[in-house]
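Asker: Have a look at this one.
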């Protein structure tokens with residue numbers, strides 16, 4: 001019994017000595033032997049990367065395209081709106097080439113518009129009625145419409161009475177707070193800055209695309225602007241803002257020189273061009289009694305238009321100006337239909353349309 005115990009003890013000791021010897025040998029293994037991996041500290045869990053899709057023959061390739069949006073009014077020879085036309089009755093031309101219509105709608109579209117009101121001395125006898133007409137217009141706003149109120153005199157007095165809002169009470173308060181002030185009128189500057197504001201608001205508005213407009217109330221005589229007409233119309237070529245004008249030009253002088261236009265002729269031509277080139281409309285009321293009806297008509301004009309979009313066949317992003325023409329088929333009895341839209345656009349890219357930086361106005 002004792003002998004067996006001794007034998008077991010010797011065997012155990014032998015095994016232990018062998019194991020220790022083996023470990024010592026392992027510690028001296030050459031450097032080219034494969035080491036036993038040791039555990040590494042746990043790394044923070046990261047979001048899994050999105051796997052890159054495997055290219056397949058049917059893979060969709062995205063192309064950078066430019067959708068041109070047009071707001072189109074259609075009238076008959078008596079200036080009455082025509083609102084029951086179909087897509088097939090329209091044709092779009094860009095630089096004389098027919099364009100395929102990619103989007104068409106005649107449903108009512110929400111509108112972002114700025115009301116820009118002349119508060120110079122020439123409007124002294126008219127301002128109360130202008131304010132009342134402004135209220136009529138504001139009260140026709142739909143819940144999704146946003147409006148901005150601007151009063152102006154000279155280039156140093158172009159003031160935002162109310163930033164863009166859909167709150168009618170705030171807009172009416174802003175209208176009621178307008179007042180006449182002396183100064184040299186700066187209509188071009190007021191329109192220029194208002195158009196920029198409408199465009200900027202459109203970019204910040206994350207909702208669906210809205211119609212953009214500006215409603216200008218003035219006698220049209222500019223005396224003190226930093227910008228000139230050329231700069232203003234260059235800006236308008238890049239914008240989708242439609243301009244509606246209520247022009248009180250009847251009090252301006254009709255006396256002109258042998259070559260030069262009279263102040264009245266010059267102002268009326270300028271206001272008409274603002275409306276024509278942007279697809280808007282100019283009104284020249286004889287008296288203030290017409291203003292409430294004009295306000296309602298402008299509201300209807302803004303909402304009863306055709307929205308048409310096309311991807312231009314000339315897809316060069318070269319910043320060049322492209323002429324646009326919209327035509328409509330005649331009516332059943334050869335009734336003439338007239339389409340009114342902006343006259344052209346500036347293509348994306350390039351260097352065209354760079355805006356000048358205004359210098360501070362002198363006091």
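The values are calculated or read from the model by the stated rules, or taken from the named source; none is laboratory data. Note that this is a predicted model, so its numbers are computed, not measured. Neighbour counts run over all protein chains shown; Cβ positions are idealised from the backbone, glycine included.
Asker: Please enumerate the residues belonging to the range 286-302 that are touching a helix residue (DSSP H, G or I) at 6+ places or on another chain (Cβ under 6 Å) and either assigned to a loop (DSSP other than H, G, I, E, B) or closer than 21 Å to residue 187 by Cα (or both).
Answerer: Hits for the range 286-302 are 288, 291, 295.
Asker: If you scan the range 237-269, which residues turn out to be surrounded by 18 or more Cβ atoms within 10 Å (Cβ to Cβ) and not in a helix (DSSP H, G or I)?
Answerer: Within the range 237-269, 239, 240, 241, 242, 243, 244, 245, 246, 247, 248, 249, 252 qualify.
Asker: Conditions first: (1) free of Cβ contacts under 8 Å to residues at least 24 places away in the same chain; (2) within 23 Å of residue 300 (Cβ to Cβ); (3) part of a helix (DSSP H, G or I). Residue 132 passes all but one, so which condition is the exception?
Answerer: (1)
Asker: Right, next: If you check residue 155 against the conditions, is it touching a helix residue (DSSP H, G or I) at 6+ places or on another chain (Cβ under 6 Å), farther than 17 Å from residue 246 by Cα, modelled with pLDDT under 95 and in a strand (DSSP E or B)? Let's see the steps before the verdict.
Answerer: Values: touching a helix residue (DSSP H, G or I) at 6+ places or on another chain (Cβ under 6 Å): yes; farther than 17 Å from residue 246 by Cα: yes; modelled with pLDDT under 95: yes; in a strand (DSSP E or B): no.
No.
Asker: Kindly indicate which of 155, 124, 151 is surrounded by 22 or more Cβ atoms within 10 Å (Cβ to Cβ), in the same structural domain as residue 293 (by TED's automatic domain parsing) and out of contact with any strand residue (DSSP E or B) (no Cβ under 8 Å at 6 or more places or on another chain).
Answerer: Working: 124 fails: surrounded by 22 or more Cβ atoms within 10 Å (Cβ to Cβ); 151 fails: out of contact with any strand residue (DSSP E or B) (no Cβ under 8 Å at 6 or more places or on another chain).
Every option except 155 fails the conditions.
Asker: Would you be able to say whether some residue in the range 179-188 is at pLDDT 90 or above, in a helix (DSSP H, G or I) and in contact with a strand residue (DSSP E or B) (Cβ under 9 Å, 6 or more places away or on another chain)?
Answerer: Yes, that holds for at least one residue.
Asker: Looking for whichever is outside the structural domain of residue 241 (by TED's automatic domain parsing), exposed (fewer than 15 other Cβ atoms within 10 Å of the Cβ) and touching a residue at least 24 places away in the same chain (Cβ under 8 Å) here; the options are 324, 338. Which one fits? Spell out how you get there, then give the answer.
Answerer: Values: 324 fails: exposed (fewer than 15 other Cβ atoms within 10 Å of the Cβ).
Result: 338 is the single residue among 324, 338 that is outside the structural domain of residue 241 (by TED's automatic domain parsing), exposed (fewer than 15 other Cβ atoms within 10 Å of the Cβ) and touching a residue at least 24 places away in the same chain (Cβ under 8 Å).
Asker: Any idea which of 197, 225, 218, 204 is within 20 Å of residue 150 (Cα to Cα) and free of Cβ contacts under 8 Å to residues at least 24 places away in the same chain?
Answerer: Numbers: 197 fails: free of Cβ contacts under 8 Å to residues at least 24 places away in the same chain; 225 fails: free of Cβ contacts under 8 Å to residues at least 24 places away in the same chain; 218 fails: free of Cβ contacts under 8 Å to residues at least 24 places away in the same chain.
After applying the criteria, what remains is 204.
Asker: So is residue 277 within 18 Å of the chain's Cα centre (by Cα) and assigned to a helix (DSSP H, G or I) or not?
Answerer: Answer is yes for this residue.
Asker: Let me ask another. Let me spell it out: the conditions are (1) in contact with a strand residue (DSSP E or B) (Cβ under 7 Å, 6 or more places away or on another chain); (2) surrounded by fewer than 15 Cβ atoms within 10 Å (Cβ to Cβ), and residue 294 meets all of them except one. Which number is the exception?
Answerer: Result: residue 294 passes all but (2).
Asker: Within the range 308-341, which residues are assigned to a strand (DSSP E or B) and more than 15 Å from residue 99 (Cα to Cα)?
Answerer: Listed by number, the residues that qualify are 321, 338, 339, 340.
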